[in-house]
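This report concerns only the one structure given below.
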Amino acid sequence: MINIDKILKKLSMIRPVFNSEADFQFNFAWQLKLEYPEADIRLEYINNKIKDMHIDIFILLEGKVIPIELKYKTKSCTCIYMDEDFHLKNHAAQLLGRYDFIRDIERIERCKSNFENFCEGYAIMITNDSSYYNVPISTKETICDDFRIHHNKILPFGPRWKGNPSIGTTKGREKEMNFTIEHCFKWEEYSKVEDIIFKIVKIKII
């Protein structure tokens with residue numbers, strides 16, 4: 001329905017780095033509108049069909065709906081692009097960042113179940129933090145193994161916390177998730193600014 005790869009490729013050429021997740025969302029939506037001027041694009045969309053949930057970008061195109069969730073997770077760095085200084089924050093808390101991205105995928109699957117005119121949907125993350133996409137060195141089991149999203153990792157159909165995680169770790173993230181489709185995380189390079197590499201993963205639901 002939409003050529004997501006074309007949109008992201010063009011975006012990477014004009015905006016290889018973003019100040020924040022909101023900056024990423026806005027510029028993605030802008031590029032989307034340039035490519036599909038006939039599309040009706042909503043930001044932070046809320047619909048009563050799905051309780052307590054909003055979608056970052058909700059597209060109405062040719063009678064079909066296309067929901068998109070976006071994440072931008074960074075580690076601290078500074079760089080210059082087109083005479084603009086970028087001072088990226090250190091988000092850390094990668095464990096929670098991974099969980100939240102998997103929750104984005106689950107939101108898109110819920111949209112598929114709740115909208116008869118669902119066409120396709122996407123969960124997308126861009127990061128310069130290699131701990132998201134590199135395979136972990138240690139093979140020791142951790143509480144968050146099911147929520148890892150490194151390259152070539154296959155998402156379990158029912159990801160769960162392992163062992164006895166602290167209440168502080170799981171607070172607000174206790175709800176169980178179940179998936180009906182197999183998802184595999186395939187990371188690619190999005191851009192390189194100076195010596196900083198940004199990678200991207202795209203999960204498509206149809």
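The values are calculated or read from the model by the stated rules, or taken from the named source; none is laboratory data. Remember, it's a predicted structure, so these values are computed and weren't measured experimentally. Note: ideal-geometry Cβ built from the backbone for every residue, glycine included; neighbour counts use all protein chains shown. Calculation scope for accessible area: heavy atoms of the full protein, side chains included, ligands and nucleic acids excluded. Shrake-Rupley method; radii C 1.70, N 1.55, O 1.52, S 1.80 Å.
Identify all residues within the range 164-187 that are surrounded by 10 or more Cβ atoms within 10 Å (Cβ to Cβ) and not in a loop (DSSP other than H, G, I, E, B); write none if there are none.
169, 170, 184, 187
What number of residues within the range 9-51 satisfy the criterion of being in a loop (DSSP other than H, G, I, E, B), at pLDDT 95 or above, farther than 19 Å from residue 125 by Cβ and open to solvent by 60 Å² or more (accessible area, probe 1.4 Å)?
2
Could you give every pair whose Cβ atoms fall below 7 Å, whose first residue belongs to the range 35-55 and is closer than 25 Å to residue 11 by Cβ, and whose second residue is of a type in the set (D, E, K, R) and surrounded by fewer than 13 Cβ atoms within 10 Å (Cβ to Cβ), counting only separations of at least 6 or pairs across chains?
Here the result reads 35/6; 54/44, each pair linking the range 35-55 to a residue that is of a type in the set (D, E, K, R) and surrounded by fewer than 13 Cβ atoms within 10 Å (Cβ to Cβ).
Restrict the check to the range 69-79 and report whether at least one residue is of a type in the set (S, T, N, Q), more than 22 Å from residue 201 (Cβ to Cβ) and either touching a residue at least 24 places away in the same chain (Cβ under 8 Å) or open to solvent by 80 Å² or more (accessible area, probe 1.4 Å) (or both).
Looking for residues that are of a type in the set (S, T, N, Q), more than 22 Å from residue 201 (Cβ to Cβ) and either touching a residue at least 24 places away in the same chain (Cβ under 8 Å) or open to solvent by 80 Å² or more (accessible area, probe 1.4 Å) (or both), one finds at least one in the range 69-79, hence yes.
Of all the residues that make up the range 113-163, how many are exposed (fewer than 12 other Cβ atoms within 10 Å of the Cβ) and β-branched (Val, Ile, Thr)?
So the answer is 4.
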